[in-house]
Amino acid sequence: MEAKYDFERKYREQILRCSRCGFCQAVCPVYGATLRPGLNARGKMLLLKEVMDGRIDLSDELIETLFQCTTCASCTHNCPSGVQVPEIVKTARMDMVNIGSCHPAFTGMNEVLKKHPNIYAEDEAEEFGREKKRQAKYVFFAGCVGLYRETEATEAALAVLDKLKVDYTLIEEVCCSGVLEDVGFPLNDALVQTNIDRILATGAEAVITGCPYCARTLNNKPQYAPLRAQGVLVMHIAQFLQDYDLGVHTHKKVTYHDPCDLGRHCGIYEEPRQTIRKLAPNFVELPHHHADALCCGAGGGVRGAYAKNSIDMARRRLREVEETGAEVVLTECNSCVHNLGNAKLRKQKFTICTTTQFIRDLMEEAG
Amino acid sequence: MLDAQIKDALIRIVGQQNYTDSLIDMVSYSYDASEHRARPSCAVWVENTAQVSEVMKLADREKIPVTPRGAGTGLSGLSVPAHAGIVMDLTRMNKILELRIEDRLAVVQPGLVYADLEKALAPHGFFFPPDPSSGKVCTMGGTVGTNAGGVKGAKYGTTRDYVLGLEVVLADGRIMRTGGKTIKNVSGYDLTRLFVASEGTLGIITEIALKINPKPTVTTTAMASFNDLEDAGRAVSEVMRSGILPSVLEILGRETILAINQNTDLKLPEVDALLLAETDGYTKTETEFQMETVLEVFRRNNPGMVKLATSPEEAAQLWTARKSAYAVLARIKSHFVLEDVTVPIGKVPALLKGIQAIAKKHEIQIATFGHAGDGNLHPQILYDGYDPEQVRRMEAASDELFKLAIELEGTLTGEHGIGLSKARYMTLEHDAVSLEMMRTIKRAFDPNNILNPGKMALDAA
Ligand SMILES: Cc1cc2nc3c(=O)[nH]c(=O)nc-3n(C[C@H](O)[C@H](O)[C@H](O)COP(=O)(O)OP(=O)(O)OC[C@H]3O[C@@H](n4cnc5c(N)ncnc54)[C@H](O)[C@@H]3O)c2cc1C
Ligand code: SF4
Ligand code: SF4
């Protein structure tokens with residue numbers, strides 16, 4: 001029988017390989033927040049299997065589970081059968097969108113990016129008082145969250161780069177549009193082209209991003225291939241900073257939250273730790289760390305579409321921070337900072353910030 | 001679909017937020033880790049014993065099937081609602097109610113995840129020994145419901161050996177307590193044990209009192225390869241006669257070794273069998289003394305190689321092969337069945353040989369690994385479930401496998417239970433009288449046959 005949907009054409013064999021062992025239930029953050037097995041990876045794979053078997057069809061009834069996945073890849077990492085759940089879910093979301101079944105929050109996002117160059121539909125980006133569009137060795141690419149929400153983190157990253165006398169420039173960046181694929185739409189070609197043109201125009205040899213998700217998109221998506229063809233490297237600022245001697249220290253007890261996009265998705269675990277250990281010898285790991293790290297709950301559009309569960313996931317992560325007794329929790333993703341910050345309870349006295357923010361503050365203290 | 005009135009009544013008992021009949025949940029509750037499938041009419045997430053009791057009263061009155069469910073990791077269709085009705089998900093009753101180390105006692109709710117119990121016991125230096133390999137996800141209710149066991153069965157037994165008492169809600173909603181909180185107890189019939197491995201057919205377990213053990217702090221691990229199955233089998237028998245009890249004695253058969261080599265870079269020796277042994281205790285001297293006995297036995301039986309781990313890292317490396325077996329085999333074909341036939345320990349080689357012959361005869365891939373130390377093997381039959389011919393061959397091979405196990409004085413199932421998968425083989429193992437007694441017991445507890453109906457051949461005439 002001819003496959004009806006893209007998810008089946010691409011992933012039939014993988015979906016069938018799901019042996020329903022349930023191991024993903026132990027790690028899926030959405031399950032953790034809801035204790036509803038229909039929402040974990042197994043539940044999602046079973047629905048798609050029933051669609052392939054012709055027992056049910058894609059419909060609005062499936063929105064609640066297919067659009068409620070942070071694409072954190074915890075399931076994949078623990079799956080004996082190696083099922084690539086986030087990729088399958090993303091493709092199924094596109095199939096859903098094609099038949100007109102989409103979470104309203106996500107339809108909105110696609111519409112916004114048709115009209116605006118950022119996911120927040122804002123017209124004015126924060127001005128950081130740095131030169132733009134000049135010829136430089138590096139381009140700093142902040143990402144939407146860094147430009148419109150966590151502007152402090154971006155300012156800090158730029159301050160650190162200034163202090164280290166890095167030859168960088170900003171550009172009139174637009175949304176990398178990677179998030180669209182997460183929520184059921186293709187990347188926005190116009191936005192992609194704008195970014196490519198503006199990056200290449202600077203003659204930079206590398207792009208440093210403040211956002212692990214932008215780094216992934218610019219690095220891996222075929223639409224951004226022209227960057228690679230021109231030999232432009234893309235890296236996250238955690239990778240860029242690892243070899244610098246920053247010359248600042250703290251006695252504070254510090255811990256680190258691995259963002260899914262940097263850790264499980266890119267395998268970058270040690271670079272940030274290398275930097276943090278140099279700064280803060282009193283470093284402790286969270287109970288779940290490296291590939292076992294718990295998701296902050298923000299990814300895959302879940303923060304926008306299922307805010308309450310998203311916050312519950314973040315709270316679970318913050319309870320782990322409490323257990324360690326750390327005074328500071330560092331991470332490398334503005335989106336994680338944002339969600340963890342929203343979820344923080346008054347009684348939780350620790351600070352949440354990006355590693356570069358922490359470095360900037362130490363540098364300022366040191367004068 | 002349920003009658004609207006019944007739906008309303010259920011919602012009144014558990015609350016709107018704890019009732020579902022949405023498609024997402026109904027599909028998810030149609031399956032466990034086996035190939036069986038049956039869609040329920042609705043599901044409830046119960047929060048306490050009182051709710052369980054009220055749901056049962058309603059279901060009994062209206063004669064609606066109720067299937068209790070933990071994590072749904074069963075491998076025999078155990079929590080698949082064969083006759084539809086209500087799925088009762090117990091995972092939200094997940095508390096540890098009491099932890100009394102000096103009494104060697106843990107009292108837990110059925111939805112507690114096995115690994116969470118382990119985590120709570122670890123700081124006290126205690127553990128709950130059965131150790132099913134699904135421990136990260138499976139619940140204590142499911143563990144009792146199936147009498148789960150694991151790699152340590154030979155030395156530490158299975159769940160049955162640790163359940164001291166239960167709170168159970170009967171089919172008609174009455175609440176019953178069995179056993180108690182003491183290590184010894186011979187007061188009256190052993191109703192507690194009756195519920196272990198009852199697969200949700202006799203009542204809903206709402207509280208479990210468990211015996212816990214101090215955890216040995218030192219282990220020693222070794223591996224040996226055998227070119228000839230006979231030699232491996234003799235080695236197993238001799239270890240069991242030698243006077244020491246290894247904490248683990250695992251076997252990997254040739255098909256499994258080949259599959260691991262084809263899919264990983266472990267480069268295992270391609271032999272008939274690999275044996276993995278672990279001894280445990282509280283001092284190095286003690287575990288090494290035991291291991292020396294095991295190694296002597298290995299050396300006497302023509303091994304290819306014998307490797308003793310000299311560090312925890314090396315031990316972990318030796319374990320990799322055994323631990324990767326399931327994941328490797330799970331990826332080879334679109335479908336598999338993981339059997340758990342069990343024979344007297346001395347008959348493990350005969351079982352392994354028989355399995356090879358069955359695979360050859362039916363031209364189907366069967367990879368075997370398992371717990372040589374307690375006679376429990378896991379032949380994993382790999383096939384394509386969308387190819388009717390392969391399905392037929394898989395079924396024919398299963399038929400013969402079960403017959404073989406019984407011929408060897410064994411049992412259909414040492415761990416995973418009867419459920420739907422093995423219901424039709426019950427007569428192979430149990431005589432007509434014992435089957436009738438089982439059915440009599442079922443009728444006494446559940447006269448309307450509403451608790452997990454369709455399982456264990458209990459409702460056959
Ligand atoms: C990869 C994998 C590895 C496994 N390894 C092992 C192993 O090493 N050893 C082993 O023994 N098993 C093993 N199993 C089988 C299974 O995981 C265990 O039997 C497990 O203990 C079942 O727990 P569960 O919470 O998933 O129960 P479920 O599958 O949800 O239920 C199992 C049975 O118990 C009943 N039940 C559940 N809760 C209750 C309750 N509160 N009251 C009454 N009845 C109840 C259900 O109705 C059902 O009949 C494995 C399974 C998988 C998929
Ligand atoms: S862990 Fe993998 S194989 Fe197991 S149920 Fe989840 S997705 Fe399926
Ligand atoms: S990617 Fe994360 S949220 Fe999505 S199903 Fe897997 S574990 Fe759950």
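The values are calculated or read from the model by the stated rules, or taken from the named source; none is laboratory data. Predicted, not measured: the structure shown is a model, and the values here were computed from it. Cβ sites come from the backbone with ideal geometry, for glycine too, and all protein chains shown count toward neighbours. Protein only, heavy atoms only, side chains kept; ligands, DNA and RNA dropped before computing areas. Shrake-Rupley method; radii C 1.70, N 1.55, O 1.52, S 1.80 Å.
In the stretch B:86-98, what residues are away from chain A (no Cβ under 14 Å) and either of a type in the set (A, V, I, L, M, F, W, C) or buried (at least 24 other Cβ atoms within 10 Å of the Cβ) (or both)?
Answer for the stretch B:86-98, where residues must be away from chain A (no Cβ under 14 Å) and either of a type in the set (A, V, I, L, M, F, W, C) or buried (at least 24 other Cβ atoms within 10 Å of the Cβ) (or both): B:I86, B:I96, B:L97.
Within the stretch B:335-346, identify whether any single residue is more than 21 Å from the chain's Cα centre (by Cα), away from every other protein chain (no Cβ under 14 Å) and surrounded by fewer than 20 Cβ atoms within 10 Å (Cβ to Cβ), and answer yes or no.
For the stretch B:335-346, residues more than 21 Å from the chain's Cα centre (by Cα), away from every other protein chain (no Cβ under 14 Å) and surrounded by fewer than 20 Cβ atoms within 10 Å (Cβ to Cβ): present.
Working carefully through the options B:V144, B:V108, B:V137, find the one that is within 16 Å of ligand 3 (Cβ to nearest atom) and at pLDDT 95 or above.
B:V137
Looking only at the stretch B:331-378, how many residues end up being within 17 Å of B:G149 (Cβ to Cβ) and outside any helix (DSSP H, G or I)? Even if it seems obvious, please write down each step before you answer.
Step one: list which residues in the stretch B:331-378 are within 17 Å of B:G149 (Cβ to Cβ), which gives B:338-345, B:348, B:369-378.
With the extra rule that they be outside any helix (DSSP H, G or I), the set shrinks to B:338-344, B:369-371, B:375-378.
Number of matching residues: 14.
Scan the stretch A:76-86 residue by residue and report those that are within 14 Å of chain B (Cβ to nearest Cβ), within 18 Å of A:R216 (Cβ to Cβ) and crowded, with 21+ Cβ neighbours inside 10 Å.
To start, the set of residues in the stretch A:76-86 that are within 14 Å of chain B (Cβ to nearest Cβ) comprises A:76-84.
With within 18 Å of A:R216 (Cβ to Cβ) added as a condition, the list becomes A:76-77, A:84.
Result: A:T76, single match.
In this structure, does A:A73 turn out to be in contact with a strand residue (DSSP E or B) (Cβ under 9 Å, 6 or more places away or on another chain), within 12 Å of ligand 2 (Cβ to nearest atom), modelled with pLDDT of 95 or more and among the small types (G, A, S)?
Numbers: in contact with a strand residue (DSSP E or B) (Cβ under 9 Å, 6 or more places away or on another chain): no; within 12 Å of ligand 2 (Cβ to nearest atom): yes; modelled with pLDDT of 95 or more: yes; among the small types (G, A, S): yes.
Answer is no for this residue.
Residues of the stretch B:115-126 being open to solvent by less than 10 Å² (accessible area, probe 1.4 Å) and within 24 Å of B:T279 (Cβ to Cβ), which ones?
Correct list: B:L121 only.
Take A:L48 and decide whether it is farther than 23 Å from A:G304 by Cα, crowded, with 19+ Cβ neighbours inside 10 Å and within 11 Å of chain B (Cβ to nearest Cβ). Full working, then the answer.
On the way: farther than 23 Å from A:G304 by Cα: yes; crowded, with 19+ Cβ neighbours inside 10 Å: yes; within 11 Å of chain B (Cβ to nearest Cβ): yes.
Judged against the criteria, A:L48 is a match.
Has the stretch A:87-102 got any residue that is modelled with pLDDT under 95, within 14 Å of another protein chain (Cβ to nearest Cβ) and in a loop (DSSP other than H, G, I, E, B)?
For the stretch A:87-102, residues modelled with pLDDT under 95, within 14 Å of another protein chain (Cβ to nearest Cβ) and in a loop (DSSP other than H, G, I, E, B): present.
Quick grid of which residues meet (1) away from ligand 1 (no atom under 16 Å from the Cβ); (2) polar (S, T, N, Q); (3) farther than 19 Å from A:S335 by Cα; (4) touching a residue at least 12 places away in the same chain (Cβ under 8 Å):
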| position | (1), (2), (3), (4) |
| --- | --- |
| A:K49 | yes, no, yes, yes |
| A:N78 | no, yes, yes, yes |
| A:G82 | no, no, yes, yes |
| A:M94 | yes, no, yes, yes |
| A:V97 | yes, no, yes, yes |
| A:G100 | yes, no, yes, no |
| A:T107 | yes, yes, yes, no |
| A:K115 | yes, no, yes, no |
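Give the residue that is most open to solvent (accessible area, probe 1.4 Å), with candidates limited to residues of the stretch B:289-306 that are farther than 13 Å from B:F226 by Cβ and in contact with a strand residue (DSSP E or B) (Cβ under 8 Å, 6 or more places away or on another chain). Even if it seems obvious, please write down each step before you answer.
Taking the stretch B:289-306 as the starting set, the residues that turn out to be farther than 13 Å from B:F226 by Cβ are B:289-296.
After this cut, where a residue has to be in contact with a strand residue (DSSP E or B) (Cβ under 8 Å, 6 or more places away or on another chain) as well, the list is B:290-291, B:294-295.
Working: B:Q290: 22, B:M291: 3, B:V294: 1, B:L295: 4 Å².
For the stretch B:289-306, the residue satisfying everything is B:Q290.
Could you give every pair whose Cβ atoms fall below 7 Å, whose first residue belongs to the stretch A:14-27 and is touching a residue at least 24 places away in the same chain (Cβ under 8 Å), and whose second residue is open to solvent by 20 Å² or more (accessible area, probe 1.4 Å) and within 12 Å of ligand 3 (Cβ to nearest atom), counting only separations of at least 6 or pairs across chains?
A:Q14/A:Q84; A:F23/A:N78; A:F23/A:C79; A:C24/A:N78; A:C24/A:C79; A:A26/A:N78; A:V27/A:N78
Can you list the helices (runs of 4 or more DSSP H) found entirely within the stretch A:249-367 that contain at least 2 residues being in contact with a Phe, Trp or Tyr (Cβ under 8 Å, 6 or more places away or on another chain)?
A:270-279, A:302-305, A:307-324
Quick test for you: out of B:G142, B:G111, pick the one residue that is within 24 Å of B:D172 (Cβ to Cβ), within 14 Å of another protein chain (Cβ to nearest Cβ) and in a helix (DSSP H, G or I).
Step by step, each of B:G142, B:G111 is checked, and only B:G142 is within 24 Å of B:D172 (Cβ to Cβ), within 14 Å of another protein chain (Cβ to nearest Cβ) and in a helix (DSSP H, G or I).
Restricting to the stretch A:24-35, give me the number of residues that are buried (at least 23 other Cβ atoms within 10 Å of the Cβ) and either facing another protein chain (nearest Cβ under 9 Å) or within 8 Å of ligand 2 (Cβ to nearest atom) (or both).
Within the stretch A:24-35, residues that are buried (at least 23 other Cβ atoms within 10 Å of the Cβ) and either facing another protein chain (nearest Cβ under 9 Å) or within 8 Å of ligand 2 (Cβ to nearest atom) (or both) number 3.
Here is a list of conditions, (1) at the interface with another protein chain (Cβ under 10 Å from one of its Cβ atoms); (2) under 13 Å from A:G82 (Cα atoms); (3) of a type in the set (S, T, Y), and A:Y11 meets all of them except one; can you say which number that is?
All conditions are met except number (1).
Say we look at the stretch B:423-433 and pick out the residues that are out of contact with any Ser or Thr (no Cβ under 9 Å at 6 or more places or on another chain) and open to solvent by 40 Å² or more (accessible area, probe 1.4 Å); which of these is nearest to B:S41 (Cα to Cα)?
For the stretch B:423-433, the residue satisfying everything is B:R424.
In this structure, is A:R149 closer than 27 Å to A:G341 by Cα and either at pLDDT 90 or above or outside the structural domain of A:N342 (by TED's automatic domain parsing) (or both)?
Judged against the criteria, A:R149 is a match.
Can you tell me which residue among A:Y31, A:Y11 is within 24 Å of the chain's Cα centre (by Cα), in a helix (DSSP H, G or I), farther than 30 Å from B:M93 by Cα and of a type outside the set (S, T, N, Q)? Outline the logic, then answer.
Values: A:Y31 fails: farther than 30 Å from B:M93 by Cα.
Only one candidate qualifies: A:Y11.
I need the full set of residues from the stretch A:36-45 which are in a loop (DSSP other than H, G, I, E, B), in contact with a helix residue (DSSP H, G or I) (Cβ under 6 Å, 6 or more places away or on another chain) and at the interface with chain B (Cβ under 8 Å from one of its Cβ atoms), in order please.
Within the stretch A:36-45, no residue meets the criteria.
List the pairs whose first member sits in the stretch B:316-329 and is among the polar types (S, T, N, Q), whose second member is assigned to a helix (DSSP H, G or I), and whose Cβ atoms are under 9 Å apart, counting only residues at least 6 apart or on separate chains?
That search, which allows pairs on different chains as well, returns B:S324/B:I260; B:S324/B:N263.
For B:T158, indicate whether it is closer than 19 Å to B:P65 by Cα and modelled with pLDDT of 95 or more.
Working: closer than 19 Å to B:P65 by Cα: no; modelled with pLDDT of 95 or more: yes.
No.
Out of B:V196, B:V144, report the one residue that is buried (at least 24 other Cβ atoms within 10 Å of the Cβ) and either touching a strand residue (DSSP E or B) at 6+ places or on another chain (Cβ under 7 Å) or closer than 25 Å to B:H416 by Cβ (or both).
B:V144
When both residues are 6+ apart or on different chains and their Cβ atoms are under 7 Å apart, which pairs have a first residue that lies in the stretch B:1-28 and is assigned by TED's automatic domain parsing to the domain that holds B:A50, and a second that is surrounded by 20 or more Cβ atoms within 10 Å (Cβ to Cβ) and modelled with pLDDT under 95?
Every condition considered, no pair remains.
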